[in-house]
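The values are calculated or read from the model by the stated rules, or taken from the named source; none is laboratory data. Remember, it's a predicted structure, so these values are computed and weren't measured experimentally. Here the Cβ is made from the backbone with ideal geometry for all residues, glycine too, and neighbour counts use every protein chain on show. Keep in mind that these areas ignore ligands, DNA and RNA; they rest on the heavy atoms of the full protein, side chains included. Shrake-Rupley method; radii C 1.70, N 1.55, O 1.52, S 1.80 Å.
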Amino acid sequence: MSAIGAVSSCLCLRPGVWLLKPGMQKMSSFGLHTAARCAAKDYYEVLVLGGGAGGIAMSARMKRKVGAENVAVVEPSETHYYQPLWTLVGGGAKQLAASARPMGSVMPKGVEWIKSKVTALDPDKNCVWLENDIKVSYKYLIIALGISLHYEKIKGLPEGFNHPKIGSNYSAQTVEKTWKALQDFKEGNAIFTFPNTPVKCAGAPQKIMYLSDAYLRKTGKRSKANIIFNTSLGVIFAVKKYADALLEVVKERNLAVNYKRNLIEVRADKQEAVFENLDKPGVTEVHQYEMLHVTPPMGPPAVLINSPVSDASGWVDVDKETLQHKKYPNVFGIGDCTNLPTSKTAAAVAAQSGVLDKTISLVMKNELPVKKYDGYTSCPLVTGYNKVILAEFDYNAQPLETFPIDQSKERTTMYHMKADMMPLLYWNALLKGYWGGPAPVRKLMHLGLK
């Protein structure tokens, strides 16, 4: 998995005691990991594929279960990114450096770090193949390979990023270009896109639009800007409660939303974006832009396409309640690479990690999994430099809120949670395997109201 795809996209904070755990804020020692191009051993009790949020969280949990020496993580990237911060980096509110840490610093102490790429999976023989034809066998396999970005599926990209006026918050290489394009804006169209594929954090493509609107108002350029959100979807957000709130924001701030529009080409030298009308096959529209933010098409990692562990679309085929593979009982999946029918966010990973931990514990005892994942996910919808609508929902796109307030309203407190508290929770709790989602906290919150 590439460094730009090393983590999921949104993380929702819950009030709790995790940040108070002794020693949790200490960084792991770099010297306690093997970072060879091949595995130090050819067999591990638990093999984890991927060093993103799900992979690191589960390797920390598995270390406590079977011992560090029996766990290995396959991950080629040198850097681990906390991508939820990139919305704020693109809007000029945070620095890119704040989102990055050396991979060795987040790898659990003593766990084997195999710095290589997975080239094939053979679950029938309980092994995977790495670069240079290295075979590693396992007793239990956790697949946490994330999602792949495909800028190349848009004609004119990624080479178009060499031109000014265009950026993307989904890549460490292009997120700062978003901020530069925003700063350099003079007058004309500011266009924000949403592709016709699954994406990580479905709210992120429009969060930067709201931040851009706020910045242009602050700098006195808003009257010269025509802000446009061209989305391939038929709605602005999948959950009606939050969609209604966002539409009020759109109306109040005079933002234009065009549905069923999919970006297919960027002519960066001419500052033109070409969209297909999904309701009218073959019909395209050309928009001139002064600023363009691109959300790329995404898909499963190449190694999963046509793999025995994947469904017809290339996503890891797991039970949506237990995260155990539907065919191979010693194989499990977590996060963006799975076919779980919920939004792909780090908040979802947190909830999934708690369920998966219990699932694997029971499987190791030859017992049937009983803990059920309800599809919980979250997206803090940034609507300004001090405003957030905190969306939380389940498999049925029904609100599954933690706080005893109307979370569809813009709140400054939620912004500070997103900008300041969530990174602490991510680095110090989720990645260390201490945060298993919001359910226990939600129960406490609501018990306090009785």
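The value for the stretch 164-219 of Rg(Cα) / (2.2 N^0.38 Å) is 1.13.
Modelled spin-label separation between SER361 and LYS153, with each label point placed 7 Å from Cα along the Cα-to-Cβ direction: 3.8 nm.
With only Cα atoms counted, the stretch 151-298 has Rg and Dmax values of 14.2, 41 Å.
Rolling a 1.4 angstrom probe over the chain with all protein chains present gives an accessible area of which 52% lies on carbon and sulfur atoms. Modelled this way, with points 7 Å down the Cα-to-C-beta line, the labels at LYS326 and SER223 are 5.8 nm from one another. Computed over the stretch 229-360, the P(r) tail beyond 19 angstrom holds 65 percent of alpha carbon pairs.
With +1 on the Cβ of every Lys and Arg and -1 on the Cβ of every Asp and Glu, and nothing else charged, how large is the dipole of the stretch 320-450 about its Cα centre, in debye rounded to the nearest 20?
Dipole size: approximately 240 debye.
Partner aspartates and glutamates whose Cα lies under 16 Å from the Cα of LYS125, excluding those fewer than 8 positions away in the same chain, are identified as ASP42, GLU45, ASP133. Tally Lys/Arg at +1 and Asp/Glu at -1 over every other residue whose Cβ is under 12 Å from the Cβ of ILE228; what's the total? Here the charged neighbours net out to -2. Considering only alpha-carbon pairs that sit under 8 angstrom and 6 or more positions apart, the relative contact order computed for the chain is 20 percent. Under the convention that each Lys and Arg Cβ holds +1 and each Asp and Glu Cβ holds -1, the size of the dipole of the chain around its Cα centre is about 1140 debye.
Across the stretch 151-298, Cα pairs under 8 Å and at least six residues apart give a relative contact order of 34 percent.
Estimated translational diffusion coefficient (Stokes-Einstein, Kirkwood radius over Cα pairs, 20 °C, 1.002 mPa s) of the chain: 96 µm² per second. Largest first, the residues VAL257, VAL286 sort by 1.4 Å accessible area into VAL286, VAL257.
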